[in-house]
Amino acid sequence: MADCLDSKMGGMQLTPEEAKPSVTRLKRAKGQLEAVIRMLEEGQECEDAVMQLSAVAKAIDRAGYLIVSTGMKKCFAQEGSELDEKKLERMFLSLA
């Protein structure tokens, strides 16, 4: 029987193609974070930097949720797979 998010088997893995949307979001967030660092180094307005930092945090959160939801879809699509509910719960709560 296949295991998905089974703590005994090591967990879920996404293919590079499945992870691509999340990677794209994270790369975008990386660019935004670099812009925030530049803003602070150049002495720009704190309010502007904080607004951009908020956007970075949201982008990272969305990438995390996308990774979890993509993995869940993959797990549910596999016949006979077993979900480790506690591990899944920990993954979601780690994003909160």
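The values are calculated or read from the model by the stated rules, or taken from the named source; none is laboratory data. Given the structure is predicted, the values throughout are model-derived calculations rather than measurements. Cβ sites come from the backbone with ideal geometry, for glycine too, and all protein chains shown count toward neighbours.
Among the candidates Leu33, Leu40, Leu53, single out the residue that is within 19 Å of the chain's Cα centre (by Cα), more than 18 Å from Leu95 (Cα to Cα) and without any contact (Cβ under 8 Å) to a residue 24 or more places away in the chain.
Values: Leu40 fails: within 19 Å of the chain's Cα centre (by Cα); Leu53 fails: more than 18 Å from Leu95 (Cα to Cα).
Unique residue meeting the criteria: Leu33.
Restricting segment 1-30 to residues that are in contact with a Leu (Cβ under 7 Å, 6 or more places away or on another chain) and within 22 Å of Glu89 (Cα to Cα), which is modelled with the lowest pLDDT?
This residue is Leu5.
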